[in-house]
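Okay, structure first, notes after.
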Amino acid sequence: GHIITTAEIAKILTSENNHQVWFKEQEASLMKYILYKGFIGVDGISLTVGEVTPTRFCVHLIPETLERTTLGRKKLGERVNIEIDPQTQAVVDTVERVLAARENAVRNQADIG
């Protein structure tokens, strides 16, 4: 994949079998591509998105992921590389184009009528 942006680790919540990491996205305009249960690359690791807010998202890391990657050693405030899922990006961009075209067609029809 291609690194699109970076994000800052905003919160880390740890329990016995779960490690939840919240990231603050550097570019808010990219949040439209980060969807609940969607895929995201964090420092080259493909993960499933847990929760999403307008400026943040989280992932849930299981013990095996923590053991086999560097994510378990990351600290609050550290930056990570972010890769957006290209299929999600293509779908979101296509839907936006279709909706914009439909809105323009309705507007033009109203101007004519």
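Each reported figure results from applying straightforward, stated rules to the coordinates on display, with no laboratory input. All of these numbers come straight from a predicted model, not from anything done at the bench. Don't worry about glycine lacking a Cβ; one is built from the backbone with ideal geometry, like all the others, and counts go over all protein chains shown.
Quick check on ASP111: is it more than 24 Å from ILE34 (Cα to Cα) and either in contact (Cβ under 8 Å) with a residue 40 or more places away in the chain or exposed (fewer than 10 other Cβ atoms within 10 Å of the Cβ) (or both)?
Yes.
Out of ALA10, ALA90, report the one residue that is surrounded by fewer than 16 Cβ atoms within 10 Å (Cβ to Cβ), hydrophobic (A, V, I, L, M, F, W, C) and more than 13 Å from the chain's Cα centre (by Cα).
ALA90
Whether any residue in segment 27-42 is assigned to a strand (DSSP E or B), out of contact with any Cys (no Cβ under 9 Å at 6 or more places or on another chain) and surrounded by fewer than 16 Cβ atoms within 10 Å (Cβ to Cβ) is what I want to check.
no
Name the pairs: first residue in segment 74-85 and in a loop (DSSP other than H, G, I, E, B), second residue among the small types (Gly, Ala, Ser) and surrounded by 12 or more Cβ atoms within 10 Å (Cβ to Cβ), Cβ to Cβ under 8 Å, at least 6 apart or on different chains?
Within 8 Å, the pairs are LEU76/ALA10; ASP85/GLY38; ASP85/GLY41.
Out of THR65, THR53, which single residue is surrounded by 15 or more Cβ atoms within 10 Å (Cβ to Cβ) and either free of Cβ contacts under 8 Å to residues at least 24 places away in the same chain or of a type in the set (Ser, Thr, Tyr) (or both)?
From the options THR65, THR53, the qualifying one is THR65.
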